[in-house]
Amino acid sequence: MGVSVEYLRGLPQLTVPLPSRKELCLFSLRPVTHSVGDLMEQIRSEDRGIDRVVLKTIDGTRIAASNTIESLMEQDFDLVINDVSYRVTTPERERVSREEMERLSDVQNLVMQLYEALHVGEHQLKKERHLMAQLEQLQSQLLPLEQKKNLVMAGAERRTTTFTWVGLALMGVQFGALARLTWWEYSWDIMEPITYFVTYGTSIACFAYYVLTKQEYILPEVRDREYLLQFHKRAKKVGMNVAEYNRLQESLAQVENDLKRLRDPLRVHHPPAGASKLFDPSAAAMGSSSDLVSTSLWNRTQLRLQNLLRTSKQP
């Protein structure tokens, strides 16, 4: 019994005699994904009595286990199982010429273009309608929340502005009181240590603000923090779910971005909207611009298929 190789549906089938069982075993190999090492491992796993499996070229050079089956089948080789060597004659395989490969590639591209012309437009329309329905649903859900948000923002803005003016008024009162005590009630010698402690107390208050909020006492940031506190406090009072509002806003932005990408002419392989909307009486009579694009692409595809069939029939 010897080793034989034949191709079945493009895959090499290797028939190998097993020494322990005295029977033939058929191995189906993949030319690209399988390697010589995979073949050796398969042979060992089928017969535990096999200790040594080696593949060599006809001149005795050992074939590495990392070589692919495709490169192995390019020429005859020797399969050594234990101490028995089998000459393997690889059958001739019909190879596709470069011209035929180019023709097949052209046909494949034409089929893809034809499928795109017949189905992509419809799929795009369905997807756009689905996104528009999602957009309308999100907008309807956001409408009551937007009204509450505007109400809460107006109240928080008024409260923050009031606190700002109250702070300015208190600073003016402090300045007036210290000025009167310095120049009318008492003298500077008495008020100097008092103003020092007032200044130092202000520094302590600023540092206490940093300890409590972990933020530096910068007036714009202080105002923004007070605004956010008032906003969330009032939102809780009116029953506005801020987390739900943010989630809906993110979903709305995602849907709008998907619509923008879907309508982009460069992404859908359609002509720009301005070029397709030019008035043409004959085009208006024939139908929409998408139908014109599909019809013209269908005509081009038929013409190219006829040219390919004509060239393939030539010797």
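The values are calculated or read from the model by the stated rules, or taken from the named source; none is laboratory data. Every value quoted in this text rests on a predicted model; they were computed, and no experiment measured them. When we count neighbours, we look across all protein chains shown, and the Cβ atoms used for this are built from the backbone with ideal geometry, even at glycine. These accessible areas exclude ligands, DNA and RNA; they are computed on the full protein's heavy atoms, side chains included. Shrake-Rupley method; radii C 1.70, N 1.55, O 1.52, S 1.80 Å.
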Could you list all residues from the range 148-183 that are over 30 Å from Val242 (Cβ atoms) and either in contact (Cβ under 8 Å) with a residue 24 or more places away in the chain or not assigned by the TED database to the domain that holds Gly239 (or both)? Gln174
Considering every residue within the range 50-69, establish whether at least one is touching a Cys at 6+ places or on another chain (Cβ under 9 Å) and modelled with pLDDT under 90. no
Only one residue in Asp291, Asp224 is modelled with pLDDT of 70 or more, assigned to a helix (DSSP H, G or I), surrounded by 11 or more Cβ atoms within 10 Å (Cβ to Cβ) and under 37 Å from the mean Cα position of the chain (by Cα). Which one? Asp224
Inside the range 142-176, can you point out the residues that are within 31 Å of the chain's Cα centre (by Cα) and open to solvent by 70 Å² or more (accessible area, probe 1.4 Å)? Leu143
Could you give every pair whose Cβ atoms fall below 9 Å, whose first residue belongs to the range 59-78 and is of a type in the set (Gly, Ala, Ser), and whose second residue is in a loop (DSSP other than H, G, I, E, B) and open to solvent by less than 50 Å² (accessible area, probe 1.4 Å), counting only separations of at least 6 or pairs across chains? Ser71/Pro31; Ser71/Ile63
Which residues, taken from the range 1-22, are modelled with pLDDT of 85 or more and among the charged types (D, E, K, R)? Glu6
Given (1) open to solvent by 40 Å² or more (accessible area, probe 1.4 Å); (2) without any contact (Cβ under 8 Å) to a residue 24 or more places away in the chain; (3) among the acidic types (Asp, Glu), identify the lone condition not met by Glu6. (2)
Out of everything in the range 177-221 that is of a type in the set (S, T, N, Q) and more than 59 Å from the chain's Cα centre (by Cα), what residue ends up being surrounded by the most Cβ atoms within 10 Å (Cβ to Cβ)? Thr182
